[in-house]
Amino acid sequence: MSPKADPRDWDRLFRPGAPRRSGPLRVLANIIMICVALGILSGAALVAWGYRERAIESAARNESIVETSNAIEIASRTARSLTATAARVASASGTPTSASGTPTSASGTPTPASGTPTPASGTPAKNTPTALPGPLVGRSSVTNGGNLRSEPVVSAATVIGQVCVSDKVNVLEKRTLARGALWYRIQITDAPIACTPQRVAVGSVGWVSATLLTNPTP
């Protein structure tokens, strides 16, 4: 027997504002909305993480640029100081200098800093032995290029110039500083490679860290 239709059922179920019963479609819609919200939150988190990584990389690049700029400035100051020193020495000795500050002979032929003239053909003259400025501790060679300093102090003000790999040196003195840092006072005796325009000349005397040299031998 079929149920009887009650005319009031229409108003009760479909009138505006009538209570609605939840069904499978509403549950599915709720699940989809939750998934969308979680996806938006995850995307926002990934974007924030990527922005943080880019900010860190940018800061690292800026720091590298600053360090490179400082190194270039120090090298430029060292070059200007060496040029001015060479000009003063040449002026005091009456030796003419070229525009770059390199001493020249009377005929205009450039001469190396040790005072040995370079032949006009352009072939560099062999380095001649120079007198030792003090007692000899041993002999060594440069294994790592670095700074030759007027004092065993790491500062831009103490930099004389650069030593290059394969330079031969006489070790005149050694000094151990605080925390066990070992320094050698050396004299350059042979400079076969011009690794940088700021390299020191044969006969130059100064201090270097022991990490730049081989162990001195008698």
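FYI, it's all coordinate maths here, none of it is from the lab. Just so you know, these numbers come straight off a predicted model, no measurement behind them. Note that we place each Cβ from the backbone using ideal geometry, even for glycine, and neighbour counts take in every protein chain shown.
Details
- Inter-site label distance for Ala156 and Thr176 at 7 Å from Cα along Cβ, in nm: 3.3 nm
- Under 5 Å from the amide H of Glu151 lie the amide H atoms of Trp207, each residue being 5 or more positions distant or on a separate chain, with H modelled from the backbone and absent for Pro and chain starts.
- Amide H within-cut-off set for Gln162, under 5 Å, with H built and near neighbours excluded: Leu148, Arg199, Val200
- The Cα-based radius of gyration and maximum Cα-Cα distance (Dmax) for the stretch 138-212 are 11.3, 34 Å.
- Along the stretch 150-161 the Karplus relation, 6.51 cos²θ - 1.76 cosθ + 1.60 evaluated at θ = phi - 60°, assigns HN-Hα couplings of 6, 9, x, 9, 7, 7, 5, 6, 9, 6, 8, x Hz to successive residues, with x for each Gly and Pro.
- Under 15 Å, Cβ to Cβ, from Pro216 - net charge with Lys/Arg +1 and Asp/Glu -1: +3
- Potential lengthening of the chain between Asp190 and Asn62 amounts to 42.1 nm, from the contour at 0.36 nm per residue minus the alpha-carbon distance.
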